[in-house]
Amino acid sequence: NTLPLDYAARAPENWFGLPEAERASRAKLSSDVCIIDDREFYIRGCIEIPIVDSDELLIFGVWVSVSQDSFRHIHEMWDAVIVDDEPPMFAWLCNWFSGYPDPIDVKCNVYLRSGNQRPRIVLEPTDYPMAVEQRNGVTLGRVKELFAMSHRE
């Protein structure tokens, strides 16, 4: 299988919305977290979508917006061993991907994971296409379609 099964957004959409000259003074961006104007808090996580008739997962590296309290908790737990009953935290999806409508008001839950793994992001079970696919899985044909769309831009 030569198709990439991993798509990652470099930053939350709001970071790209900042004038380039202001990014350094107004935002902090690392590979895992982003803070804008000391009041917008983002973490990077993974939306994992099962591929039908395969053991593979289609993975989207996404940024989600969390509350300041959730952000602090995630930071405190970053290197901790996460217990199975660690409750998820509420977040909003903050990235756009080819082949999906803009994620206006797409709610999700953030599940922390041990072993330096990025958190697992589970979208609210709505009719948003990515949420439907996360629940039901995608075909290899859909993966190829997404790959083709992402390479036309």
With only helices counted (DSSP H, runs n ≥ 4, each -39500 (n - 2.57)), the per-residue ellipticity at 222 nm for the chain, to the nearest 500, works out to -6500 deg cm²/dmol
Listed residues VAL66, VAL52 arranged by accessible area, highest first, probe 1.4 Å: VAL52, VAL66
Sort MET130, MET149 from largest to smallest accessible area, using a 1.4 Å probe on the heavy atoms of the protein chains. MET149, MET130
Under 5 Å between amide hydrogens, which residues at least 5 positions from TYR7 or on another chain qualify, with H placed 1.01 Å from N in the peptide plane? ILE59, PHE60, GLY61
Ranked from the most accessible area to the least, with a 1.4 Å probe and all protein chains present, what is the order of LEU140, LEU93? LEU140, LEU93
Percent antiparallel among DSSP beta bridges (both partners in the range 1-116, rounded to 5): 90
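Give me the percent relative contact order of the range 1-134, please, defined on Cα pairs under 8 angstrom at least 6 residues apart.
Working: 237 pairs, mean separation 28.8, N = 134.
Reported as a whole number, the value is 21 percent.
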Using a probe radius of 1.4 Å on heavy atoms only, what accessible surface per residue do you get for the range 30-84? Whole Å² is fine. 53
Taking loop as defined by DSSP and a crowding limit of 15 other beta carbons within 10 Å, which trypsin sites (Lys or Arg not before Pro) in the range 23-52 fit? ARG39
What is the calculated FRET efficiency for VAL81 to GLU20, with r their C-beta to C-beta distance and R₀ = 41 Å, to the nearest 0.05? 0.55
Within the chain, what's the longest stretch lacking chymotrypsin sites (Phe, Trp or Tyr not before Pro) that sit in DSSP loops with no more than 15 other Cβ atoms inside 10 Å? 1-77
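The values are calculated or read from the model by the stated rules, or taken from the named source; none is laboratory data. Keep in mind that what you see is a predicted model, and the values were worked out from it rather than measured. Please note: Cβ atoms are built from the backbone with ideal geometry, for glycine as well, and neighbour counts cover all protein chains shown. Just the protein is used for accessible areas: all its heavy atoms, side chains included, with ligands, DNA and RNA removed. Shrake-Rupley method; radii C 1.70, N 1.55, O 1.52, S 1.80 Å.
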